[in-house]
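S.K.: Structure provided below as structure tokens; questions to follow.
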Amino acid sequence: ISDQKPLGCWSVKHGQILTCPVVCNFETHEYIAVHDDKVLRIWRNEDINLDKAFKATLSADVYRIHSLPDAGPMVLFKGGGVRTLDVLLEAPQQDIENVISDEVIRWSGAFMEGQQPVLIFTTEKDEDFFVYVQKPKLSSLHKYKLEQQESSKPLCFTAHVTNQTVTLLCLYSNDSVYQVLIPLQQDTEEEEEILSKSLLLNFSVPGTVLKGTSLVVLDKDHVAVLGSLAVPGKEPRECLSIWNTKFQTLQTSKELPLGTSGQLWCYEEKFFLIHGKVLTVIMYKCETSSLAAAVGKLKDSQNPDVSSFVNWNTLEDEELVVSFQSQESVALKAESKMNLRSRRSTVAKVQPETLSVGQLLLNLKDASTYVLETELRQLMSKAPTPDLQATIGCVVTALTDRCKRNPKYYPQNFLLEIVETQNLSYSLCPDLMAVALEKKDMHLLQICLERFPDIPEEITYACLKAFLSISEAQLQNIDVNLDSVICYVDVEFDNKEVKTEIVENGFSAEMDQDMCDTKIPKETQSRSDGESCPVGLQKAALLNAVLHSAYTEMFLLPHLKNLPAQQAILFLRYLYYLYVKCSEKVNTTLPGTRSPTINQIMDWMCLLLDAHFTVMVMLPEAKELLSNLHKFVRAQVRFYSELNKIEGSLRELQRLNHLRESQTYSIEVLEII
């Protein structure tokens, strides 16, 4: 489709009609077609004349042929019978049983569950709808009846199979999608069972009515709907929309002014649809479902033509379109445009402003490293302001995709430059941190943790584990931003102390210890004013980035429970060190840029203890740490309790100072009762 050239064309004789879609046999690389309901044709790419291709006349009418990558083709007959192609070719005239009676098949789909193919089809009879689930290799068949819906009926179906369960999605005429769950564990035939359904999604857009005609599943949280958007007082307009089923929101949509055939296909993260007289291919990528993306809080959602999901520019990009017009016009198009392969070899000469972002990135897919980075820098510098964030997300995605394809390629400096200078989020480039973790790029992970507002808890935990796992020796050779630790962390090098302590208003650690009657752990008592940091400067800076990352306790806690015990103890020791340092300051604030706050430190201490308390109680090496932490917290509670007792007197003293404006020196004695 990118070269605008037909690769093969086969036609049946005049008067014959292809009666079901042609499919490819993945095992033999052959095409399979049915014309006039019963005549089966099988041919290869090199075959020229379809009349000379393999032909078999069957005994019953065929509804659809389904082909799966890991299984042979399956033939579904209009009477509900199913045969694998191999079995059917052994005796083409074999009798095919009628599974359904006076029912009409409305939809069918084939899936793999483990090593077994599963074929599902729906039928209609007298406004009742039925679902059949067949396992051809096991000769298993189950029939179900769909629960009726008042004043509405199913328009189309789609399904997917996971964990021995069929999830059937039904688009109804009341502008809603319902979900039906069908277990596959049943081994015996039972009486017809009525399937209950649950509302999955309602196409409620303020001021408009969406009438869907085709529905496809993109992933576990997203579906795409092709249909018409009716606005009161205006003509209905066809559009393609993506919906988030988890948060019940419209993710993105695009009008299709030239009209469609009502059919939508989805394959390898590409939409295929007929738009006007052309076949349009639209690339999409489902981001990890997040509340920020679902409610439109991502900055790129301000522009309806820019989406982190879909490259809508493809609709205006003739490079990705196949014309269904006359053969002469196709030939003229092919002659008037450069061949895609020749464009790739001269990609540096292409002006980015003449191409859409998606087309430019496609052309740069196989370009050299220098050309790729030069063109991407130029693209970012020329991107219009409304589209900038989405453009940068596409650029980062292009770079990470190349990293995946070529393990030796990793533009660390370029990625750092983009993250440090652009306003990105995790959902715009979800693969970036995964690639950085694989490459053990601690500096990039640190910057992402500090700047991305929507990092999933699973990634935050992965970063924490990576930071705790890496050795201090390895970190010495890694460039890490130390701004958050350089002003307060005390470490020892060759038994020589490096002290960067700031004592405020005469409030020192020694005074605090005398007041609170606590003791410093013996094994780390290298100085009289507190214990040294249990980790080096680089690791401390990385851990501080984790402390700054936003999280939800309910989602983070299950991951924290998987942290190895020794790493959990080391992290708790560091948190304890930060807690002591904060308590040494009158304002409980650590100096430096992006230093952890007392609330962040205490929240993470509570999280870590909740996740590992039982293990830590049992470990001898954690006993003294927990004891010291308990004593210090108890002393802090006692100290603040004493302050609370004189809070009223201190407030009265502050009030008197405001009332009195004496310019002369005086000594006053205030009695605190």
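The values are calculated or read from the model by the stated rules, or taken from the named source; none is laboratory data. For clarity, every value in this text was computed on a predicted model and none was experimentally measured. Counting neighbours? That spans all protein chains shown, and the Cβs are built from the backbone with ideal geometry, glycine included. Note: accessible area is taken over every heavy atom of the protein model, side chains too, but ligands, DNA and RNA are not part of it. Shrake-Rupley method; radii C 1.70, N 1.55, O 1.52, S 1.80 Å.
S.K.: Give the residue list of chymotrypsin sites (Phe, Trp or Tyr not before Pro) in region 198-280 that are DSSP loop and have at most 10 other beta-carbon atoms within 10 angstrom.
M.R.: 267
S.K.: Right, another one. Subtracting the Cα-Cα distance from 0.36 nm times the residue separation, let me have the gained length for residue 268 to residue 93 in nm, one decimal.
M.R.: Numbers: separation 175, 0.36 × 175 = 63.00 nm, distance 3.70 nm.
Contour length minus the Cα-Cα distance gives 59.3 nm.
S.K.: If you don't mind, another one. If you place +1 on the Cβ of every Lys and Arg, -1 on the Cβ of every Asp and Glu, and leave all else neutral, what size is the dipole of region 203-286 about its Cα centre, to the nearest 20 Debye?
M.R.: Magnitude of the dipole: close to 100 debye.
S.K.: I would also like to ask the following. Just grab the label-to-label distance for residue 615 and residue 482, each label 7 Å out from Cα along the Cβ direction, in nm (one decimal).
M.R.: A separation of 3.1 nm, rounded to one decimal place.
S.K.: Rank by packing, highest mean first: peptides 114-124, 134-144, 532-542, 226-236, with packing defined as the count of other Cβ atoms within 10 Å averaged across residues.
M.R.: Details: 114-124: 18.8, 134-144: 17.1, 532-542: 21.7, 226-236: 14.0.
Highest to lowest by the protection proxy: 532-542, 114-124, 134-144, 226-236.
S.K.: What is the extension gain from residue 106 to residue 126, computed as 0.36 nm multiplied by their sequence separation minus the C-alpha to C-alpha distance, in nm to one decimal? Can you show the working numbers first?
M.R.: Details: separation 20, 0.36 × 20 = 7.20 nm, distance 1.31 nm.
Extra length available between residue 106 and residue 126 comes to 5.9 nm.
S.K.: Taking the solvent-accessible surface of protein heavy atoms with a 1.4 Å probe, what is the per residue accessible area of region 203-286 in Å²?
M.R.: 47 Å²
S.K.: Given a 1.4 angstrom probe, I'd like the percentage of the accessible area of region 16-86 that is carbon and sulfur, rounded to a whole number.
M.R.: 50 percent
S.K.: Shifting gears a bit: Could you tell me which of rounded, prolate or oblate describes region 203-286, using a ≥ b ≥ c as the square roots of the eigenvalues of the alpha-carbon gyration tensor, with rounded for a/c under 1.5 and, failing that, prolate when a/b is larger than b/c and oblate otherwise?
M.R.: oblate
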